[in-house]
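**Q** Got a structure for you, questions after.
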Amino acid sequence: MKDLLPDLCDHYEQDVRWLPQTFVDYGGKSIFFGEVVTLRCFEDNSLVRDIVSQDGKGKVLFIDGHGSCNRALLGDQLALLAVKNGWQGIVINGAARDVATLGDLDLGVKALGACPIKTVKRQTGDQNVTLTVAHTMIYPGDYLYADRNGVLLSRDELDLSVL
């Protein structure tokens, strides 16, 4: 299957929320989905390391970097840690770096753009909070479905076997 979201929209039209944000695909996994873990941070990825160091089986990390592309919130080192711990994907309302390497990893990665500059480390941010991105609410525990068509959210896990 190369396109998941159109089928989900057709079958679960009343159950999904479209995130009207344009992301660039950087990860080696073009289709990914899982339970959402949220993080709000600004130009500081200290807490990203803490989160991707945990078991990520069946989960997707959504990082709200307030749309800033001045510093990268994800690079190859953290992405490798995410793969090691079973994360399905990472969506960043901000920037990523080491994008050629990210494309070789078994991890879905979407970001607004690329930036080669690393973040400052101040241990700041808010984990497992409700986010608002592109006028769309993203709740911890939501389910996120992503492919090259974009990002869909659902309050409940969707049965993909019906597609």
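Bear in mind that the values in this text are calculations on the coordinates, not laboratory data. All figures in this text were calculated on a predicted structure; none of them were measured in a lab. Positions of Cβ are backbone-derived with ideal geometry, glycine not excepted, and every protein chain shown enters the neighbour counts.
**Q** Using a simple charge model, +1 on the beta-carbon of Lys and Arg, -1 on the beta-carbon of Asp and Glu, nothing else, what dipole does segment 16-100 show about its Cα centre, in debye to the nearest 20?
**A** Around 160 debye, computed over segment 16-100.
**Q** What ranking, highest mean first, results for peptides 105-115, 22-32, 4-14, 85-95 when packing means the other Cβ atoms within 10 Å averaged over each residue?
**A** Highest mean packing first, the order is 85-95, 105-115, 22-32, 4-14.
**Q** Using amide H atoms built 1.01 Å from N in the peptide plane, name the residues 5+ places from ALA111, or on other chains, whose amide H lies under 5 Å from its own.
**A** Amide H neighbours of ALA111, under 5 Å, 5+ apart: VAL24, TYR26, ILE92.
**Q** Per residue of segment 143-153, what does 6.51 cos²θ - 1.76 cosθ + 1.60 with θ = phi - 60° give for ³J(HN,Hα)? Whole Hz please, x for Gly and Pro, Karplus curve as stated.
**A** With the stated coefficients, segment 143-153 comes to 10, 10, 10, 9, 8, 5, 7, x, 9, 10, 10 Hz.
**Q** Say R0 is 30 Å: what FRET efficiency, to the nearest 0.05, do ASP3 and GLU157 get from their beta-carbon distance?
**A** 0.95
**Q** I've got another one for you. Quick check: residue separation of ALA114 and HIS11 times 0.36 nm, minus the Cα distance between them. What number comes out in nm?
**A** Going from the current span to full extension adds 33.7 nm.
**Q** Also, quick follow-up: Determine the sum of side-chain charges near GLY141: Lys and Arg each +1, Asp and Glu each -1, restricted to other residues whose C-beta is under 12 angstrom from that of GLY141.
**A** Residues near GLY141 contribute -2 overall.
**Q** Given a Förster distance of 22 angstrom, what is the FRET efficiency for THR132 paired with VAL24, based on the Cβ-Cβ distance and rounded to 0.05?
**A** 0.55
**Q** A follow-up question, please. Which value in nm describes the separation of the simple spin-label points at LYS84 and ARG122, placed 7 Å from the Cα toward the beta carbon?
**A** A separation of 2.8 nm, rounded to one decimal place.
**Q** Relative contact order for segment 1-159 using alpha-carbon pairs under 8 Å, separation at least 6, rounded to a whole percent?
**A** With pairs under 8 Å counted, the relative contact order is 35 percent.
**Q** Using only Cα atoms, what Kirkwood radius does segment 24-163 have, in angstroms?
**A** Computed over Cα pairs of segment 24-163, the Kirkwood hydrodynamic radius comes out at 14.5 Å.
**Q** Okay, next question. Restricting to the chain, compute how many DSSP beta bridges are antiparallel as a %, nearest 5.
**A** 50
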